Amino acid sequence: MPETRIHRHSTGPEGALVNAYLVETGEGIVALDGTLTVSDGRALRAQLESLGKPLLAVLVTHAHPDHYGGIVELVAGDDVPVVATVGVDAVIRRDDALKEEILRPMFGEEWPRERTFPNRTVSDGERVDLGGVSFTVLDLGPGESPHDSIWFLGDERRTVFLGDQVYDRKHAYLADGFLDEWLGHLERLRQELPADATLHVGHGGPVTPAHFESQREYVETFADAVRTADWSQPDAARAAVVERMTHLLPTDELQFLMELSIDPVAAKLGIEQSV
Ligand SMILES: [Zn+2]
């Protein structure tokens, strides 16, 4: 495989501590994901321009706004492929109006007024050749988001753009509620990826496949905490979930995402709240 360099672009807490990646080949740059906000999308574009090579394409891992919102600023009018699986593309289009409703009050003008959607779709196992380098997609389906995929750089499964299958010592967003499916992906990836793979994740990292185990524990603990809380007192139930999760993972990084997930997962588990 020709020489490549992977540049990670990490945002601050106001941009959800999200990563996008710029893969530099001899001929140009392939971006993986595009951050959330206007400012972060512009900063990513500035990093791209500092490398002095053209943007060849944007590959999208999954259907959450912190991974596609900033693509409009990254692309900045360039006529390039924005590539996602059929499922990721469909969910981004389906849910974008709802994300607008949720994110506009939270982020104001930092949530882009116009979002760039994928303009090219791929199916599971499809290979995309860009700048003398190949990328191959593994389509996962519902999991951390309503539709997840991951991308491999080159023909081996050693360099992986994993999206949010694993968070690196940060709390997680579980509100889409596909927790059994997510656990299935973690088990599958644990079995299928080589132990020495480098996982370029959506928040923090890079990490190793050893993290599949800690993420499994996190997801299972959250589901159990919501299920076993005493929902006759909803506020106390929510506090109990937060306490158990921050005990398991003593950080407040992205804690708000986990807190946002409690009520939706309780609803998905069929828990009747008395208030
Ligand atoms: Zn994310």
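GNM on the chain, C-alpha springs below 10 Å: top fluctuator among VAL242, VAL88, VAL137?
VAL242
So what is log10(I(q)/I(0)) for the stretch 52-118 at q = 0.23, 0.29 1/Å, when the Debye sum runs over its Cα atoms only?
-1.00, -1.36
What is the angle, in °, between the Cα long axis of helix 255-268 and the longest principal axis of the Cα atoms in the chain? Nearest 10 is fine, range 0 to 90.
60
Have a look at GLY26, GLY131, GLY204 and tell me which one the Gaussian network model of the chain (Cα, springs below 10 Å) gives the largest fluctuation.
Result for the chain, Cα springs under 10 Å: GLY26 fluctuates most.
For the chain, with a Gaussian network of springs between Cα atoms less than 10 Å apart, report the residue from GLN255, GLN47, GLN191 with the top mean-square fluctuation.
Of GLN255, GLN47, GLN191, the Gaussian network model singles out GLN191 as fluctuating most.
Using the alpha-carbon atoms, what tilt in degrees (0 to 90, nearest 10) does helix 179-192 show relative to the longest principal axis of the chain?
50
Quick one: what are the phi-derived ³J(HN,Hα) couplings along the stretch 85-90, Karplus 6.51/-1.76/1.60 with θ = phi - 60°, whole Hz, x for glycine and proline?
5, 3, x, 5, 4, 5
Among bridges DSSP assigns within the chain, what percent are antiparallel (round to 5)?
65
Calculate the translational D of the chain in whole µm² s⁻¹ from Stokes-Einstein, where the hydrodynamic radius comes from the Kirkwood formula applied to all Cα pairs, the temperature is 10 °C and the viscosity 1.306 mPa s.
For the chosen part, D equals 84 µm²/s.
Roughly how compact is the stretch 137-275, stated as its Cα Rg over 2.2 N^0.38 Å to two decimals?
1.08
So what are the stretch 59-205's ellipsoid semi-axes, whole angstrom, largest first, if each one is the square root of 5 times an eigenvalue of the alpha-carbon gyration tensor?
After scaling each eigenvalue by five and taking roots: 24, 20, 14 Å.
Step through the residues of the stretch 149-164 one at a time and calculate ³J(HN,Hα) from phi using the Karplus curve (6.51 cos²θ - 1.76 cosθ + 1.60, θ = phi - 60°), rounding each to whole Hz and writing x for Gly and Pro.
Once θ is set to phi - 60°, the couplings for the stretch 149-164 become 8, 10, 10, 9, 8, x, 7, 8, 9, 9, 10, 10, 9, 9, x, 9 Hz.
Can you tell me the FRET efficiency between GLU114 and GLU27 if r is taken as the Cβ-Cβ distance and R0 is 30 Å, rounded to the nearest 0.05?
Using R0 = 30 Å, I get an efficiency of 0.55.
Run the dipole for the chain about the Cα centre, Lys and Arg Cβ at +1, Asp and Glu Cβ at -1, nothing else charged, and hand back the magnitude in debye, nearest 20.
The calculation lands at about 280 debye.
DSSP loop (so not H, G, I, E, B), at most 16 other Cβ within 10 Å: list which GluC sites (Glu not before Pro) in the stretch 87-164 pass both filters.
Sites meeting the loop and neighbour criteria: GLU114, GLU126, GLU156.
Every read-out reported here was derived from the displayed coordinates using simple, explicitly stated rules and does not represent laboratory data. Just so you know, these numbers come straight off a predicted model, no measurement behind them. Note that we place each Cβ from the backbone using ideal geometry, even for glycine, and neighbour counts take in every protein chain shown.
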